[in-house]
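Asker: Provided herewith is a single structure, encoded as structure tokens, for subsequent inquiry.
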Amino acid sequence: MKPFEDAVAMELTWLLRAGVPAHGVQLTVRELVVARIGRGPLGAREVSDAVAATVRAAGRLVREMDASQELMELVCRSTLEAVRGHGGETARWLGEATSAAYAVLDEVARERAEGPAWRWVARGIPRG
């Protein structure tokens, strides 16, 4: 999933440097995720991997570009909205996708000294 993560990171980098408002970031993230999961019949694993890669890309930007922590919440919410809104077979894996997002948030929190500050992001994301 590294190529997808890299593509998301590049797109988010461009959006942040261009000063695109939050709503534009939100729409772009949704479109990236929908395009990824819309490529064919996917299972829970592929959907969860796409979610994890997207959230991990946002975490990279927060670390590398010193982007705001709100970016993580925005990307997490947008990613899960894409899964939910995709409907059909994909939407039934929303629980697994949400768990994948939480797992990446925990991973990023462990990597950063201010781990507890990341916990508020997880609390702001609706479960399944």
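Asker: Which residue is nearest to Gly38 (Cα to Cα), if the candidates are limited to region 82-92 and must be at pLDDT below 85 and not β-branched (Val, Ile, Thr)?
Answerer: Among those residues, the one meeting the criterion is His86.
Asker: Tell me yes or no: at least one residue of region 76-85 is farther than 23 Å from Glu107 by Cβ, of a type outside the set (A, V, I, L, M), touching a residue at least 40 places away in the same chain (Cβ under 8 Å) and part of a helix (DSSP H, G or I).
Answerer: Yes, region 76-85 has at least one match.
Asker: Still on this structure, I have one more. Inspect region 55-63 for any residue being under 18 Å from Ala9 (Cβ atoms) and at pLDDT below 80 and give the result as yes or no.
Answerer: Among the residues of region 55-63, not one is under 18 Å from Ala9 (Cβ atoms) and at pLDDT below 80, which makes the answer no.
Asker: So how many residues does region 93-128 have that are assigned to a helix (DSSP H, G or I) and at pLDDT 75 or above?
Answerer: 17
Asker: Right, here's the next one. Just checking, does region 8-31 include any residue being more than 13 Å from the chain's Cα centre (by Cα), of a type in the set (S, T, N, Q) and surrounded by 13 or more Cβ atoms within 10 Å (Cβ to Cβ)?
Answerer: So far as region 8-31 goes, yes, one or more of its residues are more than 13 Å from the chain's Cα centre (by Cα), of a type in the set (S, T, N, Q) and surrounded by 13 or more Cβ atoms within 10 Å (Cβ to Cβ).
The values are calculated or read from the model by the stated rules, or taken from the named source; none is laboratory data. Just so it is clear, the model here is predicted, and its values are computed rather than measured. Every residue, glycine as well, gets a Cβ built from its backbone with ideal geometry; the counts of neighbours run over all protein chains shown.
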